[in-house]
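Report on the structure given below.
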There are 2 protein chains.
Amino acid sequence: MKKELKIGIVGATGAVGQELLRLLLRREFPFSELRLLASARSAGKEVTEGGRTWTIREAAPEAFAGLDVAIFSAGASVSRELAPAVVERGCVVIDNSSAFRMDAGVPLVIPEINGKEAFNHKGIIANPNCSTAIALMGLFPLHRQFGLKRVIASTYQAVSGSGAEAIAELDAQVRAYVEGKESKPEVYPYPIAFNLLPHVDAFTDSGYTKEELKLLYESRKIMNLPTLKASATCVRVPVFRAHSIAITAQFEHVVDLDQAKKAIRLFPGCDLMDDPEKLSYPMPLDFAGKINCGVGRMRVDFALDNALSFWVVGDQLWKGAALNALQIAELLAERDAEN
Amino acid sequence: MKKELKIGIVGATGAVGQELLRLLLRREFPFSELRLLASARSAGKEVTEGGRTWTIREAAPEAFAGLDVAIFSAGASVSRELAPAVVERGCVVIDNSSAFRMDAGVPLVIPEINGKEAFNHKGIIANPNCSTAIALMGLFPLHRQFGLKRVIASTYQAVSGSGAEAIAELDAQVRAYVEGKESKPEVYPYPIAFNLLPHVDAFTDSGYTKEELKLLYESRKIMNLPTLKASATCVRVPVFRAHSIAITAQFEHVVDLDQAKKAIRLFPGCDLMDDPEKLSYPMPLDFAGKINCGVGRMRVDFALDNALSFWVVGDQLWKGAALNALQIAELLAERDAEN
């Protein structure tokens, strides 16, 4: 039996916050109290889900009094500003932003991969970047089998990763196209409908974007592989909510395709969808609203020795954000119940 | 002065054939006669372009009598069946299909890269696969500078690569979405609107698709690099007509980013668009209807030694098909004029 927790959702009106609420009810998370928090602008608004209604409270430090856990999905600056005061009040913060992910004292957790790390927290547990979380769901089981050395990844990232406004922007641009009108981009610097932007998050001096570097640094931390080499190209695509990633991974040991497929099939949270003859491969339309990530197109790579290439797809709002954060909260609830 | 040629277009009613006609007029190709040919089904139809009208003739062997050059864009089986008889009649075939590309006696030509090869033909000159042509516009200038060894590529391929019906299918699916209706896929096995298909051309036993292997084998032939290693993941995306490719390339020699950018900038047919601070990078919407391919996001790669990562975009119907074929015909016209 799980302990019932008092839990808060910060950023409850955002795309990830809304999915958190849905998943929390759907997965019957053991809570005795659920507080929805957001900016002052949203305070007082009502949110209804599963036949119940909550009134949004402003996410000020005193609003967290008495909570056991709060899941933050309101961006890095809100997390940076608010989380320390919340932790001081005895509430554990599970943070979905990039604010604390690389901090030495903050565990960065994907429950299927390094769930135990969640218990080494000093008040804050970080939830990984969406592309990284989805990529590692395919990479980690293969790492365990063959010893990961090097990763080259190209992402195909849905607009959900930029929030509810971006989802609305793709929708508006497509409607404008059908009506023969123009719809100016606001969230993105250029149109996203029928287009691709090789640009996710800010550029760094290395020529890589921050998003691309997250795949390198977060992967090293989560898998405890400090010398892992990784290079990513992150691209925004006109898809609503699941991310896809083409990965070439090189290993220490000789790879075997059957073993690799078996490792994926047996890994919790992964669906192996890999039957080219039956045209079976994961696609974002099929993995929007799925708990598991899909892995397919597995093959021995022709460019690198001891390497595999494959294709992994996962719901950006779920395993890439809300679901993973909630799974971390579930770990805490289980542990509390055991004690 | 160029010699005026008698030229034919086979597949004149298709997406590539239509672009060929447009480009031929726009680039003032020196022809004294232009015959449009297609299947018996299209024979008798009229085609108007640039204020002139042509009547489609059936692409039977006798319809090629007296022609100097015919550009075929009607699929591999038409090419295989018809080209030998056309060559016998003294007409040079520039073939846009995969039928003869890997044949030892058939040059496979990108004019900016191996234009001289065009003159070693025995009646047939092959035009490369669209993704390969666009990828090599970025890869070849870097190869000349640093010596190419290894390529890992992920493609983002527009629906134009599957012909006019696929363009109509994406359009229909998007209209259905806006109207809240369903639109069944016919060209593709799954919906393409708001989706990605990690599946271009047929699967082979290696787990790679034929499209993915073309990038390996055609690159080797065009660049005369028989030991080149290459691995591609080819993905169809909901974009109308320009292909994009994320490439990581490893070289024999130490790479220098400034030299690499200069090599791209000086290469005919390439636009360097690489200024992250000004959010300047190539996108498919900007390269539809462009003669040149765009290269950007250039950076020293973090995963492999002596490697660069970059992003290249080109019009699939133009540099990926009609334009490259026409450029080959232009080489022949110039050479004939010199003799």
*Residues located in the stretch A:227-263, provided they are of a type in the set (D, E, K, R) and either free of Cβ contacts under 8 Å to residues at least 12 places away in the same chain or over 30 Å from residue A:189 (Cβ atoms) (or both)*: A:229, A:252, A:256, A:258, A:261, A:262
*Counted residues, the stretch A:235-246 - those being more than 27 Å from residue B:298 (Cβ to Cβ), in a loop (DSSP other than H, G, I, E, B) and touching a strand residue (DSSP E or B) at 6+ places or on another chain (Cβ under 9 Å)*: 1
*asked:* Quick check on the stretch A:271-285. Is at least one of its residues modelled with pLDDT under 95, of a type outside the set (D, E, K, R) and either within 12 Å of residue A:135 (Cβ to Cβ) or surrounded by fewer than 24 Cβ atoms within 10 Å (Cβ to Cβ) (or both)?
replied: yes
*Which condition number does residue B:76 fail, the rest of (1) modelled with pLDDT under 95; (2) surrounded by fewer than 22 Cβ atoms within 10 Å (Cβ to Cβ); (3) under 19 Å from the mean Cα position of the chain (by Cα); (4) not charged (D, E, K, R) being met?*
(1)
_Top-ranked residue of the stretch A:302-322 - restricted to ones that are more than 9 Å from the chain's Cα centre (by Cα) and more than 14 Å from residue A:246 (Cα to Cα), ranked as farthest from the other protein chains (Cβ to nearest Cβ)_ = A:306
*Go through A:241, A:335 for me and flag whichever is farther than 23 Å from residue B:206 by Cβ, in contact with a Pro (Cβ under 9 Å, 6 or more places away or on another chain) and basic (Lys, Arg).*
A:241
*Restricting attention to the stretch A:232-269, which residues are of a type outside the set (Val, Ile, Thr), crowded, with 17+ Cβ neighbours inside 10 Å and within 19 Å of the chain's Cα centre (by Cα)?*
A:232, A:234, A:236, A:238, A:240, A:241, A:242, A:243, A:244, A:246, A:267, A:269
*Any residue in the stretch A:316-329 that is surrounded by fewer than 24 Cβ atoms within 10 Å (Cβ to Cβ), closer than 25 Å to residue A:129 by Cα and of a type in the set (Lys, Arg)?*
no
*Restricting the stretch B:99-150 to residues that are of a type in the set (Val, Ile, Thr) and in a helix (DSSP H, G or I), the residue that is surrounded by the fewest Cβ atoms within 10 Å (Cβ to Cβ)*: B:113
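What are the residues in the stretch A:286-295 that are surrounded by 24 or more Cβ atoms within 10 Å (Cβ to Cβ) and in contact with a Phe, Trp or Tyr (Cβ under 8 Å, 6 or more places away or on another chain), if any?
A:293, A:294, A:295
Which of the residues that make up the stretch B:199-234 are assigned to a loop (DSSP other than H, G, I, E, B), under 18 Å from residue B:316 (Cβ atoms) and within 7 Å of another protein chain (Cβ to nearest Cβ)?
B:199
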*Please find, among A:193, A:158, A:153, the residue that is within 12 Å of chain B (Cβ to nearest Cβ), crowded, with 22+ Cβ neighbours inside 10 Å, touching a residue at least 40 places away in the same chain (Cβ under 8 Å) and more than 21 Å from the chain's Cα centre (by Cα).*
A:193
*Could you say which residue among B:50, B:66 is of a type outside the set (Lys, Arg) and at pLDDT below 95?*
B:50
*Is at least one residue of the stretch A:119-133 in contact (Cβ under 8 Å) with a residue 40 or more places away in the chain and within 13 Å of chain B (Cβ to nearest Cβ)?*
no
*Filter the stretch A:289-301 down to residues that are out of contact with any Pro (no Cβ under 7 Å at 6 or more places or on another chain) and without any contact (Cβ under 8 Å) to a residue 60 or more places away in the chain and give me whichever is farthest from the other protein chains (Cβ to nearest Cβ).*
A:291
*Condition test on residue B:183, is it in a loop (DSSP other than H, G, I, E, B) and either farther than 17 Å from residue B:249 by Cβ or modelled with pLDDT of 95 or more (or both)?*
yes
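The values are calculated or read from the model by the stated rules, or taken from the named source; none is laboratory data. Everything quoted here is computed from the prediction, not taken from an experiment. When we count neighbours, we look across all protein chains shown, and the Cβ atoms used for this are built from the backbone with ideal geometry, even at glycine.
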